[in-house]
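The values are calculated or read from the model by the stated rules, or taken from the named source; none is laboratory data. Since we're looking at a predicted model, the values are computed, not measured. No Cβ is skipped: glycine too gets one built from the backbone with ideal geometry, and neighbour counts run over all protein chains shown. When the accessible area is computed, the model is the full protein with side chains, heavy atoms only, and any ligands, DNA or RNA have been set aside. Shrake-Rupley method; radii C 1.70, N 1.55, O 1.52, S 1.80 Å.
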Amino acid sequence: MDTTVFNCYSIAFELSYQSQFKYSDGKVRCFQFCLGLPVRIIPQIPLFTSVAFEEAKNRIKKMVARKFLVHHQSSVFDVDYDTDDGFEVLQFQLFSLTSVTPDQQKILGGEDDRVLSDDSDLSTISDKLKLVSIDEETKEEEKGKAEDEFAKSDEELARMLQAEEEALMMQQFVANENKDQIEQRIRPYIDQVLMYEDAQRQDEARKTVPVDKLEEKALLALAREGNSKPTKSEQDHAFLLQLLFWFKQSFRWVNAPPCENCGNETVNQGMGVANPSETRYGASRIELYRCNSCSSITRFPRYNDPIKLLETRKGRCGEWANCFTLYCRAFNYDSRLVLDFTDHVWTECFSPSLGRWMHLDPCEGIYDNPLLYEKGWNKKLNYVIAVARDGVYDVTKRYTRKWHEVLSRRNLTTEPALSNVLSNMTRECRKSLTSQLLSALEERDRNEAESLERDLYSKNDTSISLPGRQSGDKEWRMSRSEFGSDSLSSSSCPVRKCVDEHVTNIYNAFFPLMSKFVEQSCSKSEAAELIMLFRKILVELKNSPFKTRRTSINAISLSQQFMKFLPSFSQLLDALSLKTVSEVNGRINISLASEPVKTSIGLPVVFHALDDLIYNVNHCNKLDKSLLSWPLLKLNRICCGLVLASGEELPFGIATSAFDGTRMSKWEEPNGATGCWIMYQVFDNQIHDLVAYELMSANDAPERDPKDWVVEGSQDGGLIWHELDKQTSQIFEERFQRKTFKIRSPGFLANAFRLRFIAVRDSKATSRFQIGNIDLYSTNT
């Protein structure tokens, strides 16, 4: 053999060698290793000439000290291993064979399947090894836990079913077969709900509702979720929720009415006799209260006619649910008055958007949380009956996950007897309905029954914290054992879409305006006056109907100075989806340029931004080019992302509220006083160099303000975080105060940002954290 050729292959041999491995399918595959590391799979062809290859093979045989039989999943591999190469080489050989990376490998050996971690471990065992992927092992453990949980769940379900059987058997002995008692309890409410169908009552109800404002709020709520073109059913659903929130604010709870003579506190003096004007509106019960100051008697009639409640707008849960259900019917929602035999009343409405019945409690302002009473109030429910114009329904199962316990308390009559009573009442309600409508109702009844049975044994969402009762004074609630936490919150937030591009556009729109002020050498007072004048014009526009918003300005009556600067406001008008049209008479009309909701979502932001700008202009030394930058001008605000947080207050303290640019909302974390976080991930993995950020304190409770925090960036969407800034002992002296911070060492490009709030101003005084606003700023993009 040519010596040169042999020397060349000898050098190659020093760098490379082949190993053959036999798979469980019987096929032999060759792998090439370079410097002890696998580099590629190669076909079974000689690397050298025949003579050199034989010599190489002999040399390999001398190198190989051990052979291992490695088991992984359903495969078995023959592995040649040279102890001189080290344990890491073995790991890479296994990686080539199994695609399990070294950091995920767990190599087991010996009779006890102990974990092997170095060459010394290998020297003490025989030739059999087992390879386990850590990920797979974790999955197996999780699977095992899930199976254990499932088994426990099965056992728990079996116990519950057994308890139900026992409760039903006991019911046969303790329950009264006489159906009259429960029928007498329910029947008056059938007449009650028929009042909601009266056209006059519905018309009077609609007159008291600010429909335009609620429609705007409904569309705004949808737009903030990223739904700018909702369907009719989605709009109806959103309007119903706004109706609930409005009613909660417009109706008054009565513990003891104030004195009608002097307005001071009163104390209960028993019951009185209704007069004709009171009985006219169904007030059969009259509570009497004596004033603590002037001893005058104040009457509190418990009206049952909702048309009177539209006038008085006060009462307890009976009046609240009675009046609110009328409102629901007035806006054509299929509605039910729901009676809880343990002394509460609320409403249910059918939501086409959800395709099911939805719980609404007007006293609490809470919706679609039927476990509120059992889980939040700790109520011991027995019968929950829904009464509507088309029937009477036992909906108790919607409001419990402890049906076996509830059954033990249902002793007014037997279950078959109750079902018979409700069926008879429902037939009476439906006797004049068409066959087509009857068929539709029966199908809906079947769907509801299936849903109630299906959900009865579903697991509680432990991430949702349901509050105790909020309506009524504290002493009364505690006496009823309905006192609990004070808020509805979630410790497991969903990833929320943040619709905040309009905020960035509005902030950027101030640049041409401020540049014009500087160019024209305006004084601070002149600039502030012009901005305030423009703000007044926007206020007039805001006060017009939101679907047709418009206002006009008279160019002749306004100062020439303002008209000179009006073109500089054009970018701001564009950001609000507004347009201007000049008329021959000198008037300039400002009106909608696009969908009304785009203007609606921007107006609160621009008002608060204008207020901040006026403040900053008045407090600067003078207007010059040095001010055409951050923080006076908030350019290049990062926008359009996904938001995730450690927790949030429902429904008004959700995480995206931190980025909506207004003072009217805030992100509130109920358990965040000793630590919480919020993350902003930019859409489409766009990267930004964060150079500054701004925090604004919320509307109240300074003890909840952030004091210590860390700002972090991530280049991989949140897997690995890099610290960008850290602040300690920060104090917000005022409400809605903005604090600005620069990143000391910018240049880290990131597509996700996280703020970890470590402590609040006074963690001893509160368990909560809150922030009014967060703005992140990048370099020019």
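Tabulated results
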quantity	calculated
Filter result for E734 (outside any loop (DSSP other than H, G, I, E, B), over 16 Å from Y777 (Cβ atoms) and of a type in the set (D, E, K, R))	no
Which numbered condition Q737 misses (of (1) over 24 Å from L613 (Cβ atoms); (2) surrounded by fewer than 18 Cβ atoms within 10 Å (Cβ to Cβ))	(1)
Candidate set from segment 762-781 (those that are part of a loop (DSSP other than H, G, I, E, B) and over 20 Å from D486 (Cβ atoms)); member that is modelled with the highest pLDDT	G772
Tally, over segment 449-489, of residues that are at pLDDT 85 or above, exposed (fewer than 14 other Cβ atoms within 10 Å of the Cβ) and outside any helix (DSSP H, G or I)	2
Only one of R738, R663, R704, R756 that is in contact with a Lys or Arg (Cβ under 7 Å, 6 or more places away or on another chain) and of a type outside the set (G, A, S)	R704
From S491, S525, residue being over 28 Å from K625 (Cβ atoms) and of a type in the set (S, T, Y)	S491
From Q200, Q192, Q235, Q184, residue being at pLDDT 90 or above, in a helix (DSSP H, G or I), surrounded by fewer than 16 Cβ atoms within 10 Å (Cβ to Cβ) and touching a helix residue (DSSP H, G or I) at 6+ places or on another chain (Cβ under 8 Å)	Q200
Single match in S729, S714, S763 (criterion: open to solvent by less than 50 Å² (accessible area, probe 1.4 Å) and either farther than 21 Å from M664 by Cβ or in contact with a Leu (Cβ under 6 Å, 6 or more places away or on another chain) (or both))	S714
Some residue of segment 587-602 being among the aliphatic types (A, V, I, L, M), within 24 Å of L533 (Cβ to Cβ), at pLDDT below 95 and surrounded by fewer than 20 Cβ atoms within 10 Å (Cβ to Cβ)	yes
Set E216, E260: member being surrounded by fewer than 18 Cβ atoms within 10 Å (Cβ to Cβ) and either modelled with pLDDT of 95 or more or within 16 Å of K314 (Cα to Cα) (or both)	E260
Members of segment 503-545 found to be in contact with a Lys or Arg (Cβ under 7 Å, 6 or more places away or on another chain) and of a type in the set (V, I, T), listed by number	V503, T504, V518
Test: L381 is crowded, with 21+ Cβ neighbours inside 10 Å, modelled with pLDDT under 95 and not in a strand (DSSP E or B)	no
Residue within segment 426-443 that is within 25 Å of L371 (Cα to Cα), at pLDDT 90 or above and open to solvent by less than 60 Å² (accessible area, probe 1.4 Å) present	no
Identity of the residue in segment 671-711, open to solvent by less than 20 Å² (accessible area, probe 1.4 Å) and of a type in the set (D, E, K, R), that ends up nearest to D486 (Cα to Cα)	D705
Residue count for segment 119-131, restricted to those that are part of a loop (DSSP other than H, G, I, E, B), modelled with pLDDT under 75 and within 21 Å of L97 (Cα to Cα)	1
Within segment 742-760, tally of residues that are surrounded by fewer than 17 Cβ atoms within 10 Å (Cβ to Cβ) and within 20 Å of L690 (Cα to Cα)	6
Criterion violated by A417 - all others in (1) closer than 23 Å to V193 by Cα; (2) over 29 Å from the mean Cα position of the chain (by Cα) satisfied	(1)
Any hit, segment 283-306, residues being within 27 Å of D390 (Cβ to Cβ), crowded, with 20+ Cβ neighbours inside 10 Å and acidic (D, E)	no
Every pair of residues 6+ apart whose Cβ atoms lie under 8 Å, when the first sits in segment 216-241 and is under 22 Å from T347 (Cα atoms) while the second is surrounded by fewer than 20 Cβ atoms within 10 Å (Cβ to Cβ) and of a type in the set (G, A, S)	S233/S353; E234/S353; D236/S353; H237/S353; A238/A221; L241/A221
Helices (runs of 4 or more DSSP H) wholly inside segment 513-596 containing at least 1 residues that are farther than 30 Å from L219 by Cβ	524-542, 560-565
Of residues in segment 603-638 being open to solvent by less than 30 Å² (accessible area, probe 1.4 Å) and assigned to a loop (DSSP other than H, G, I, E, B), the one nearest to S657 (Cα to Cα)	I638
